[in-house]
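The values are calculated or read from the model by the stated rules, or taken from the named source; none is laboratory data. In this text, all values refer to a predicted model and were calculated from it rather than measured experimentally. Quick reminder, even Gly has a Cβ in these numbers, built from the backbone with ideal geometry, and neighbours come from all protein chains shown. Note: areas computed on protein heavy atoms with side chains; ligands, DNA, RNA excluded. Shrake-Rupley method; radii C 1.70, N 1.55, O 1.52, S 1.80 Å.
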Amino acid sequence: MTANPTRVLVLNSGSSSVKYQLLDMADGARLAVGLVERIGEETSRLAHTPLATGGAKRETEAPIADHEAALRAVARELAEDGLGLDSPELAAIGHRVVHGGLKFTEPTVITEEVVAEIERLVPVAPLHNPANITGIRTAQGLRPDLPQVAVFDTAFHTTMPESAARYAIDVETADAHRIRRYGFHGTSHAYVSRETAKLLGKDPSEVNVIVLHLGNGASASAVRGGRCVDTSMGLTPLEGLVMGTRSGDIDPAVILHLSRNAGMSTDEIDSLLNKKSGLIGLCGDNDMREIRRRIDAGDERAALAFDIYVHRLKKYIGAYYAVLGKVDAIAFTAGVGENAAPVREAAVAGLAELGLAVDADLNAVRGDEPRLISPASARVAVAVVPTDEELEIATQTYALVSA
Ligand code: AMP
């Protein structure tokens with residue numbers, strides 16, 4: 001019916017969840033968004049918002065056994081609004097794949113070899129890649145005729161020089177186990193660095209940007225002329241900034257100490273560093289809104305957690321300033337970066353010598369559009385640039401299949 005299908009379904013499959021968006025790349029419109037949670041449990045939940053029809057959010061709670069059942073449920077919801085997966089207007093399905101190793105530097109049309117390589121990377125992404133593969137297999141089962149594209153979280157970071165990507169450990173051991181710094185949130189860093197250049201009225205090749213993706217997971221990147229030259233996450237998303245529940249940088253000897261002297265198992269240490277550290281480990285809360293509320297009420301533990309979070313952030317701004325030599329802009333993005341004015345203010349406080357400052361009034365403005373929060377006179381632009389990983393995945397997917 002349709003000569004040139006323009007719709008892309010974006011799937012982000014986690015171990016027990018599937019997030020999805022249906023976009024029309026003719027105009028970038030979002031037609032439907034939704035989330036299936038607690039797959040495999042009795043209390044699975046599906047929330048679907050049919051934006052195309054302007055309909056209200058529909059929520060259902062009923063057991064959903066596995067990813068296939070989840071995608072079938074999503075397909076039923078979409079069909080209800082005339083947007084079914086069988087539509088000839090669907091051009092492709094774009095999958096967020098967390099770990100692409102060194103091999104995948106670009107979005108890639110999924111073949112059996114591609115799935116096999118994603119599978120080979122499971123040892124370095126044990127939580128994420130298996131779920132991504134399940135999502136791919138399920139989508140292939142539902143629409144075997146449709147191109148499926150993998151968009152990798154690591155791809156944007158594959159331009160990092162060896163000096164930034166290698167850990168200073170024995171090279172043979174590192175290579176035998178694929179140990180190196182891969183970086184994550186690449187889709188967001190790519191999108192936000194490009195949008196920041198646009199905000200400055202320049203081509204990405206003309207600007208150096210430090211991107212601070214501060215969500216529940218958090219990472220920083222140094223982007224020179226549109227190419228990533230360093231990023232704070234490493235072999236796994238555990239390295240770098242203080243996050244909602246992850247420690248970020250830590251002396252590796254802490255792990256040895258916990259193992260030898262606290263009798264903790266590898267799994268217990270894994271859980272400590274990934275789930276019970278960061279803001280939640282420091283003060284019992286990982287939501288910046290709640291932390292700010294506690295600080296305003298005089299809570300010292302929350303204040304210390306905030307200070308530790310900001311101190312680390314500032315260290316990375318300084319480090320990436322030095323890596324880049326010249327910085328045109330710092331861009332804040334994701335849940336905390338887009339919404340928490342006090343974090344942005346504290347992160348650049350005292351850095352006037354580096355040309356960095358925020359204007360209190362501009363910083364207080366809320367909005368969905370990219371915006372500058374630095375004074376007009378500032379040497380370095382400070383920006384708030386909302387991220388849109390789904391749009392970026394859809395854009396990359398569509399570019400590949402419509403080429
Ligand atoms: P993300 O992972 O990008 O969805 O970010 C989620 C985090 O953003 C939450 O855990 C909160 O810490 C933070 N966040 C969301 N909204 C706000 C807000 N209005 N003010 C401060 N922090 C926020």
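There is no residue in the range 159-168 that is within 30 Å of PRO5 (Cα to Cα) and either away from the ligand (no atom under 16 Å from the Cβ) or of a type in the set (A, V, I, L, M, F, W, C) (or both). Just so you know, in the range 376-403 the residues that are free of Cβ contacts under 8 Å to residues at least 24 places away in the same chain and either open to solvent by 40 Å² or more (accessible area, probe 1.4 Å) or closer than 23 Å to VAL8 by Cβ (or both) include one that is farthest from the chain's Cα centre (by Cα), and it is SER377. For the range 313-366, a tally of residues being away from the ligand (no atom under 12 Å from the Cβ), farther than 23 Å from ALA197 by Cβ and assigned to a loop (DSSP other than H, G, I, E, B) returns 2. Take ALA302 and decide whether it is among the aliphatic types (A, V, I, L, M), in contact with a Lys or Arg (Cβ under 7 Å, 6 or more places away or on another chain) and assigned to a helix (DSSP H, G or I). Spelling it out, ALA302 is indeed among the aliphatic types (A, V, I, L, M), in contact with a Lys or Arg (Cβ under 7 Å, 6 or more places away or on another chain) and assigned to a helix (DSSP H, G or I). Comparison of THR158, THR105, THR134 shows that the only residue that is open to solvent by 20 Å² or more (accessible area, probe 1.4 Å), among the polar types (S, T, N, Q), farther than 23 Å from GLN21 by Cβ and in a helix (DSSP H, G or I) is THR158.
Considering the range 50-72 alone, what residues qualify as being surrounded by fewer than 20 Cβ atoms within 10 Å (Cβ to Cβ) and either basic (Lys, Arg) or in contact with a strand residue (DSSP E or B) (Cβ under 7 Å, 6 or more places away or on another chain) (or both)?
Matches in the range 50-72: LEU51, ALA52, LYS57, ARG58, GLU59, THR60, GLU61, ARG72.
Strands (runs of 3 or more DSSP E) wholly in the range 174-291 with at least 1 residues that are open to solvent by 60 Å² or more (accessible area, probe 1.4 Å) and at pLDDT 95 or above - which ones?
Filter on the range 174-291 gives 218-224, 227-231.
For beta carbons closer than 8 Å, sequence separation of 6+ or different chains, a first residue in the range 262-286 that is closer than 21 Å to LEU304 by Cβ and a second that is open to solvent by 60 Å² or more (accessible area, probe 1.4 Å) and modelled with pLDDT under 95, the qualifying pairs are ASN286/ASN216.
Checking each residue in the range 241-261 for being touching a strand residue (DSSP E or B) at 6+ places or on another chain (Cβ under 7 Å) and either more than 15 Å from the ligand (Cβ to nearest atom) or closer than 14 Å to LEU272 by Cβ (or both) picks out only MET243.
Pull up the range 73-93, narrow it to residues that are outside any helix (DSSP H, G or I) and among the small types (Gly, Ala, Ser), then point me to the one that is surrounded by the fewest Cβ atoms within 10 Å (Cβ to Cβ). Of everything passing the filter in the range 73-93, GLY82 is surrounded by the fewest Cβ atoms within 10 Å (Cβ to Cβ). Report, ordered by the first and then the second residue, all pairs with beta carbons closer than 9 Å, sequence separation of six or more or different chains, a first member in the range 153-180 that is within 21 Å of GLN396 (Cα to Cα), and a second member that is open to solvent by less than 70 Å² (accessible area, probe 1.4 Å) and basic (Lys, Arg). These pairs meet every condition: ASP153/ARG96; HIS157/ARG181; MET160/ARG181.
Kindly check whether there is at least one residue in the range 59-66 that is aliphatic (A, V, I, L, M), at pLDDT 95 or above and farther than 17 Å from ALA139 by Cβ. The answer is no, given that none of the residues of the range 59-66 is aliphatic (A, V, I, L, M), at pLDDT 95 or above and farther than 17 Å from ALA139 by Cβ.
Does any residue in the range 187-206 that is under 14 Å from GLU369 (Cβ atoms) come within less than 9 Å, Cβ to Cβ, of a residue that is among the basic types (Lys, Arg) and open to solvent by 10 Å² or more (accessible area, probe 1.4 Å) six or more places away or on a different chain, and which pairs are these? Listed pairs, sorted by first residue: LEU199/ARG371.
Selection of the range 376-403 for residues being of a type outside the set (A, V, I, L, M, F, W, C) and either in a helix (DSSP H, G or I) or within 23 Å of ALA220 (Cβ to Cβ) (or both) yields ARG379, PRO386, THR387, ASP388, GLU389, GLU390, GLU392, THR395, GLN396, THR397, TYR398. Against the numbered list (1) more than 16 Å from the ligand (Cβ to nearest atom); (2) crowded, with 23+ Cβ neighbours inside 10 Å; (3) modelled with pLDDT of 95 or more, ALA125 comes up short only at (3).
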